[in-house]
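Chemist: Got a structure for you, written out below as structure tokens; questions coming shortly.
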Amino acid sequence: MRGIRILLLVAMIACLIPFFAYAADTAPAPEWDQVLDQIYSHTWRGRAELSEQLNKQESRIRQTLPDYIAAWDRRTATPAVYLGMDTGGAACGPLRYCAGDFLDARGFILKLQEKKNQLARSLFDKLSPDARKTVMETDLAGQGQSAKTVQILADEMTRIVREDTFYSSGTRENRNLSPAATAVAQDSKSAMNRICINKTIIAEAFPAELARNFKCVLQKDESYRRLVAAKTVQFLRTGDRRYLDEAVGESDVFANKLIYTDFAFWYYYPRALADIENNNSSAFTVAAYKLLNDVVLWEEPLEAGKTSPAEMERRHYAWNLADLVLTRAILEKKMGGLEVLGPAVWILGSRSKEQAIGEQEKRLLRFSIDVRKYLSGPESDNYRLNYAVALCEGNRLYALLMQALEAKQSGEPVRILFEESREYFQLTNEWAGTWQGKATAVTANLELVNAGLAKMKEILPQPELASLAGAPDKDTLGMALALYRGMAERESGGWEQLRFVDRKVYIDSAQNLWNAVRRNSLLVADYHLERMDRDDFQSVMDNSMPAEKSLQRYVSLFKTYAAADGTREMIPDSAYFAYAEALKRLSRLELNIYSFNSNMQLHTQSVDFLLDAIAVYPYDESLSDYAALSRNINTGSVMTYPDAVVRSVVSNRVVAKCLQGNKSYCDATTRQALEWHIRKVRNKLYSSNNANVLDDMKLLASDLRNGTQPSGKGKSLQDSQLQSILGSLGRYIAQCEELSVLSASAEEQCRKCSAEGAGCNDLETATARLLPSQGKLERQKDELVAACNKWVGRQDAEATNVAGGKELETVRNLSSLVVDEYVSQSDRVVKVVVRKKLNELSQADNHPMHKIIRSGYYASKL
């Protein structure tokens, strides 16, 4: 008896197994349902934070999210199960036909042959031509022939129920369906459901002929919503596109329930993510606005400022939309063409700050609010969203970069900040559509480059730093100059056509753009000047050209647009100062080149540049430099109108203050240099070569003699040290004149030997006398400079000038001139020696450099 009970129990279990075909598999844990009902509150978080949250849930539920998804996939993939009836073999299944499904095969074949009802005719027409022929030729009296036809029909009907839809609410047969079958048919969404529905309709149409040995198991829309949510967040967690594609496809199931916000969110949200992945801006725009209108705004409080607790719980819808548009689409994907979403972000940015609870929410809210500042206003681009987001993020990163640099930070993090901010500023320029937007974008780009050149010399790799200073015409600077020219043409009228908010914004934009250009011009020039080795001709030539080009670019811009009286609104005050800076650098650059080829035109140009700088904006350094350069003045303006030059310099407010001894304008050294320069010009102490230094020293000697006579003649007290200095100075001047004569003779012999091949023996004699004479001059120089410095030191220590008058200033100037003359004389000696060596090498045909030397290249540079 006990054995019989066991057999019965086993039989019952065996009957139930087919019905619960997927019961043996792991079932989806119901604890996930509650999590997935609220999972939208995590989807806008970063991948790491989302993964951490899901890992905690998986540990609590003890089922991974992929396992939950797999369990539901198995259920939705088999929406039909057997009811436990005998189906006639393992080849059968609830979604296909086999011989066991035909209760009355002959009766079914007969109905197909007769085609008396619509469904029979429809089924027959959908059969393949061979199958129709077989059905019509089947002899229902023959047993074997019917069995063959049944097998063909099973295969054909399996195909037909997969390909076609038999349900239509208007047909008479479907109107006669049972209520249960009608309800199932109307809920059919997927292909798998369609098979089960088709089998149900056919089974009810042929109840005596076909077995009703299966049941449709269709899942509720809530289950599909959770499954879509699970697959979407698994995509966000892993980046596996397969999950997202399946989520988009399965969300079609609840497409008729989009009036409910949860269904609408999980319908449009995965689609928006897919549009981002596909870089489909037009489709993404539609999905984003659907989320705004059907989800975010639908959950807004009915009364402004009175958000209910239930509405507060739905606040994450807005964060998801902000994350989609701002973070995922624009910041991460760099997707363009989203300009029309500007109003959507404007609405998001207007939401109450009290709705932001966590730090991530506050970040998104701040970002939305900050973007609004660039959607309208002086830095906007006419509500263009892409531009606003890129500029907002670029400025944020730039601010962090400046903070890091001010804190003396360095290394890879700082370099990354620079690269990221540059990337967004370049996108800003790419996405700008108005002149106002372009001016803002180009200014931001150029100022970032300026920051790199000025403050990141030890942080950026040298190739990258060099690229910032190279080829400016093809990059940001060229665009900046073109923009400024276009804006300048409309200063008196027409700036509105460039789509500026108002004239003030137009003027401010022009001035900001000018300031960025001027800073860049000077920084690029400084970059090359700093890399110039003044002792290496090739280094000077390699760096002088780009430096001069950058400086001349700004000088040309200034001369074109800056009014002499400074009345143009679009020119900032700093433009005049920078113009003088550029001229001063050009002056120094010309001197560097002059030191290699002694072309007095370069020296003259150097002085002219500095004169122009003083005329526009005189300041301490330029006055001091000009005083130093004036020892070799050879400019037409000075030679022709010396008094005019002096009047121009002295009448300048800064110079006048300096001459009055005002320390706030210049120090004592600068004032003394300026006085000496003025005295030189007034006494016409200028000539066409460097020999005028000797004249300067002779003038100083005369000053010292007049100031150191015995007191009986009304002069200052006798000073033995000054008398000693005067004696040394006389000997030094005599030695300079002797060496000048020897150098001139040697230069002439060198020329004859090189050009005519004659007098080479005399050249040996001449050069042999040069070096001892130079050595003697060097010793006298050291003694004289030491004596001058000792006397000046004693005067400074005693804080009084014992000799009276201006001897202190005179001796200081004398010390400087002594060194200058020695350098000048030594240069002439070195050139003679080098020319002599070149002559010797040029005669050596076997020397590897003879071709270059014979070409005269090096000789022409000396």
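Chemist: Could you order the peptides 544-556, 727-739 from most to least packed, using the average number of other C-beta atoms within 10 Å per residue?
Modeler: Numbers: 544-556: 19.2, 727-739: 17.1.
Put in order of decreasing packing, that is 544-556, 727-739.
Chemist: Work the Kirkwood hydrodynamic radius out for the range 343-426: mean of 1/r over every pair of different alpha-carbon atoms, inverted, in Å.
Modeler: Values: mean 1/r = 0.0719 Å⁻¹.
Roughly 13.9 Å, rounded to one decimal.
Chemist: Separate question: At 20 °C and 1.002 mPa s, grab the translational diffusion coefficient of the range 105-162 from Stokes-Einstein with a Kirkwood Rh over Cα pairs, rounded to a whole number in µm² per second.
Modeler: Numbers: Rh = 11.3 Å.
Result for D is 190 µm²/s.
Chemist: Which of the residue pairs Lys290/Lys438; Lys333/Lys362; Lys408/Lys455; Lys698/Lys781; Lys438/Lys504; Lys455/Lys584 have a Cα-Cα distance greater than 20 Å in the structure shown?
Modeler: Numbers: Lys290/Lys438 32 Å; Lys333/Lys362 22 Å; Lys408/Lys455 10 Å; Lys698/Lys781 15 Å; Lys438/Lys504 17 Å; Lys455/Lys584 22 Å.
Too far apart for the 20 Å limit: Lys290/Lys438; Lys333/Lys362; Lys455/Lys584.
Chemist: Output the Cα-based Rg and Dmax of the range 370-511 in Å, rounding Rg to one decimal and Dmax to a whole number.
Modeler: 15.7, 49
Chemist: Given a 1.4 Å probe, how much area per residue of the range 457-578 is accessible, in Å²? Kindly include the intermediate steps, with their values, before the conclusion.
Modeler: Working: 5860 Å² over 122 residues.
Here the residues of the range 457-578 average 48 Å² of exposed surface.
Chemist: Something else now. Roughly how many percent of the accessible protein surface of the range 385-529 is carbon and sulfur, given a 1.4 Å probe and a whole-percent answer?
Modeler: Roughly 50 percent, rounded to a whole number.
Chemist: Which peptide among 223-231, 271-279 comes first, and what is the full order, when sorted by highest mean count of other Cβ atoms within 10 Å?
Modeler: Values: 223-231: 23.8, 271-279: 19.9.
With the highest mean Cβ count within 10 Å placed first, the list reads 223-231, 271-279.
Chemist: Mind checking the alpha-carbon convex hull of the range 438-591 and giving the volume per residue in Å³?
Modeler: Residue-normalised Cα hull volume stands at 108 Å³.
The values are calculated or read from the model by the stated rules, or taken from the named source; none is laboratory data. Please read all numbers here as calculations on a predicted model, not as lab measurements. Note that we place each Cβ from the backbone using ideal geometry, even for glycine, and neighbour counts take in every protein chain shown. To get the accessible areas, we keep the full protein, side chains included, count just its heavy atoms, and leave off ligands, DNA and RNA. Shrake-Rupley method; radii C 1.70, N 1.55, O 1.52, S 1.80 Å.
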